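A short write-up of the structure that comes next.
The values are calculated or read from the model by the stated rules, or taken from the named source; none is laboratory data. Because the structure is a prediction, the values reported are computed rather than measured. Neighbour counts are summed over all protein chains in view; Cβ atoms, including those assigned to glycine, are modelled from backbone coordinates with ideal geometry. Heads up: the accessible areas ignore ligands, DNA and RNA and are worked out on the full protein's heavy atoms, side chains in. Shrake-Rupley method; radii C 1.70, N 1.55, O 1.52, S 1.80 Å.
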Amino acid sequence: MSAKNSYDVLVVGTGLYGAVFAHEAASAGKRVLVIDKRQHIAGNICTEQISGIHVHKYGAHIFHTNDRRVWSYITKFAEFNRFTNAPVANFHGELFSLPFNMYTFHRMWGVTTPEEAAACIAAQRAEVKGEPRNLEEQAISLVGRDLYEKLVKGYTEKQWGRDCRELPAFIIRRLPVRMTFDNNYFNALFQGIPVGGYTAMVARLLEGIEVRLGVDYLKEKAELDRLAGQVVYTGPIDAYFSYRLGTLEYRSVRFETELLHMPNYQGNAVVNYTDKETPWTRIIEHKWFTFGKADDGSDLPDTIISREYSAEWQPGDEPYYPVNDEKNSRLYDQYRALADKEAHVIFGGRLGAYRYYDMDAVIAAALDAAEEWLKV
Ligand SMILES: Cc1cc2nc3c(=O)[nH]c(=O)nc-3n(C[C@H](O)[C@H](O)[C@H](O)COP(=O)(O)OP(=O)(O)OC[C@H]3O[C@@H](n4cnc5c(N)ncnc54)[C@H](O)[C@@H]3O)c2cc1C
């Protein structure tokens, strides 16, 4: 057993938050130990190479940001390719472009000008009078019935496991509509996928830092706490406090991944299935994140697809999307108050903060937290 405080900081979690914090601390000369209960690094952005294809193990991850500080930081650890997310929607075999734009409107109504498209939407929106009372009315009041029926309804009902008329209107505040021929899903200055995969990028962040895998902090807390005066905890905040106030809820996702001996299954990285009858919400074809090429530039002969199913979350399942409704937000605030009393622990990342964070926001938060800590 190592001596008391043989490290300056113990980082719990090798996800993006933990890796960035650890890198910053080590670069400033601190003695850093990083642990993870999983057998691999990189947390939920982990990519695993199978048949030359970088498979996004915990769901498709597309890096996108408007934050120049984050972009110039992360590109030190990976070169990014020019991948642009342009998902396709499949409604009972009819294909539409996403996000809603002139290609979508042309396919839906045969219109060819923005003026005609705007007129179609305006006529259909008028159906909802007064304040929308549920998600269905909210969506129709934003984009009209046709787009709602074919591209929003089934997908949203699969995601939430409930009828859109039983879901609150606030879930959909905006449904962006573009009056241009532009299938680029993200409004971001910078976008791409790290060449060589996300795991290699995280490995570069952790280079030269001691990492122990298969170590659950909460199972060995007393011993591990003796190793460092400061802890950075990126696991679930309620688990840290042994769920003593109750369990924070999540929506989960189940993936069915399959290797297919064919070069091209669906011709796109992301296809959303927007009808209610198809049980999965999306199919990801991983090779298209790298344009069908292996790391050495050769064509990949096979393909790997993942069908995504939205799933009810049970304690013990992988937590994916926090449910930031009133009940869970209140419970989180109570845990946050307990966390504020743990002076030697920084709670960070998506699970520590019980927030849906895109990767760029996680990097920014970890950089800020490390800077703050290093000042002291
Ligand atoms: C399905 C899905 C798709 C997404 N797609 C995108 C996208 O396209 N673009 C984008 O920008 N963002 C995306 N995100 C968000 C992205 O996944 C997060 O921003 C990022 O993974 C957060 O990193 P993190 O370090 O906070 O958490 P994690 O990656 O979850 O890392 C936490 C780590 O802590 C470890 N840990 C937890 N408890 C313990 C313990 N007790 N002991 C030891 N280790 C522990 C875990 O094993 C894990 O490795 C997506 C998220 C989901 C759910």
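A few remarks follow.
- Long-range neighbours under 8 Å by Cβ, at least six apart or interchain, first residue under 13 Å from residue 9 (Cα atoms) within segment 216-229, second open to solvent by less than 40 Å² (accessible area, probe 1.4 Å) and near the ligand (Cβ under 9 Å from one of its atoms): 224/35; 224/215; 224/217
- Listed here are the helices (runs of 4 or more DSSP H) enclosed by segment 274-376 that have at least 1 residues being away from the ligand (no atom under 16 Å from the Cβ) and more than 30 Å from residue 197 (Cα to Cα): 326-341, 359-375.
- With respect to the stated conditions, residue 198 is open to solvent by less than 10 Å² (accessible area, probe 1.4 Å) and touching a His at 6+ places or on another chain (Cβ under 8 Å).
- Scanning segment 130-166 for residues that are among the aliphatic types (A, V, I, L, M) and over 24 Å from residue 322 (Cα atoms) yields 140, 142, 143, 147.
- Qualifying position, being surrounded by fewer than 19 Cβ atoms within 10 Å (Cβ to Cβ) and under 16 Å from the mean Cα position of the chain (by Cα), among 342, 318, 372, 326: 318
- Restricting segment 223-259 to residues that are hydrophobic (A, V, I, L, M, F, W, C) and open to solvent by 30 Å² or more (accessible area, probe 1.4 Å), the residue that is farthest from residue 306 (Cα to Cα): 245
- Among the residues making up segment 29-88, those that are within 8 Å of the ligand (Cβ to nearest atom) and on the phi > 0 side of the Ramachandran plot are 42, 43, 59.
- Considering the conditions (1) over 17 Å from residue 45 (Cα atoms); (2) within 23 Å of the chain's Cα centre (by Cα), residue 296 is excluded by exactly one of them, (2).
- Residues of segment 103-148 that turn out to be polar (S, T, N, Q), outside any loop (DSSP other than H, G, I, E, B) and within 29 Å of the chain's Cα centre (by Cα), as a count: 3
- Within segment 77-102, tally of residues that are in a strand (DSSP E or B), touching a residue at least 24 places away in the same chain (Cβ under 8 Å) and surrounded by fewer than 16 Cβ atoms within 10 Å (Cβ to Cβ): 1
- Among the conditions (1) without any contact (Cβ under 8 Å) to a residue 60 or more places away in the chain; (2) open to solvent by 40 Å² or more (accessible area, probe 1.4 Å); (3) within 20 Å of the chain's Cα centre (by Cα), the only one that residue 71 does not satisfy is (1).
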